[in-house]
Every structure is written in C-alpha cells, then in structure tokens.
Amino acid sequence: MVYFSMNEDDLIRIMKYPFNMIASDAGIIEFNSGMPHPRGYGTNARVLSRYVREKQIISWEEAIRRMTSLPAQKFNLKDRGLLREGMAADIVIFDPATIADQATFEKPHQYTTGIKYVLVNGSITIENEKHTGSRAGVVLKGPGSAN
C-alpha cells in the first residue's frame, strides 16, 4: 500500500531544516519483481534534480552532505561519508544537469539517469551508467551492533 500523508509544502519546509538526512526506507528490491515504491530506485536523484537543481531549496553541497557525511556521523560510521585518506572509497560521480529519478508508481522499476560512475569500497561498480558486475559492498555495523 502507498499512503500520501505529506504534501509538497511540508516536504520543502522539512528540507530547509539543516539536520535532516536524505535516505530511503525502501527495502532490497529485485529488478522487475513486484511493485515497490519508486523511492527505492530514485530517492537521492529526486532530491538532487527536483529540490536542488529545479526548485533550489537547498544547495548541491548541502544535499550531498545530508546524503553522505551527516548520516555517517550520526550512525558513527568512522570510515564513511567523506573523501579523505583512510576512508572507504564510496564515490558517486553524476552529471548535475541530467541526474533524475525515472521510477513512477505505474513503472517503479526504472533506474536513475545521470549517474556516470559509482565506486564501492574503491571498486568500480557503475561505469558509463552500466553495472560492471562488481559486488564490493559490505554490511555496515555501527557501535550498537550485537555482532
């Protein structure tokens, strides 16, 4: 089920608050299986295209901070969230002019456009908008993890 409990004005007001983090609560999605919420494919791209590029609600730098270093800091992930020596090399290279979410409620299995490269733990995972087959991701556990 999909519920619509917020409107655009609410979202814009919340987005102006400097300490909210941008992420999705979507679960793991199997491509072309079921009817997931579109945010499972395009949350960050939607923020960058609609609320940064089009509406100019927040800056590029602020949006990226809320997607990277702010969550890493909040969840105490010491080697994530910044481009710095000794940190995990998780890097997304995108075109600010073309990044956009494509998923809709009618056709949710649509990949974001405008993401040129993705490196996960230093391994090229997306190259020229195509998956390389690399699966270098790892489960991240914060300090409260039982194991």
Can you tell me how many residues in the stretch 52-62 are in a helix (DSSP H, G or I), in contact with a helix residue (DSSP H, G or I) (Cβ under 6 Å, 6 or more places away or on another chain) and surrounded by 15 or more Cβ atoms within 10 Å (Cβ to Cβ)? 1
Touching a residue at least 40 places away in the same chain (Cβ under 8 Å) and either surrounded by fewer than 12 Cβ atoms within 10 Å (Cβ to Cβ) or not in a loop (DSSP other than H, G, I, E, B) (or both): which single residue out of 84, 65, 135, 46 fits that description? 46
Scan 93, 58 and give me the residue that is in contact (Cβ under 8 Å) with a residue 40 or more places away in the chain and either among the β-branched types (Val, Ile, Thr) or touching a Cys at 6+ places or on another chain (Cβ under 6 Å) (or both). 58
Taking the stretch 105-121 on its own, how many of its residues are in a loop (DSSP other than H, G, I, E, B) and either surrounded by 12 or more Cβ atoms within 10 Å (Cβ to Cβ) or under 14 Å from the mean Cα position of the chain (by Cα) (or both)? 7
Filter the stretch 4-46 for residues that are of a type in the set (A, V, I, L, M) and within 20 Å of residue 66 (Cβ to Cβ) and give the result. 6, 11, 12, 14, 15, 21, 22, 23, 26, 45
Assess whether residue 97 counts as being loosely packed, with under 11 Cβ neighbours inside 10 Å, over 22 Å from residue 27 (Cα atoms) and not polar (S, T, N, Q). yes
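Computed from the coordinates by the stated procedures, all read-outs in this text should not be read as laboratory data. This one's a predicted model, so the numbers in the text were calculated from it and none came from an experiment. Quick reminder, even Gly has a Cβ in these numbers, built from the backbone with ideal geometry, and neighbours come from all protein chains shown.
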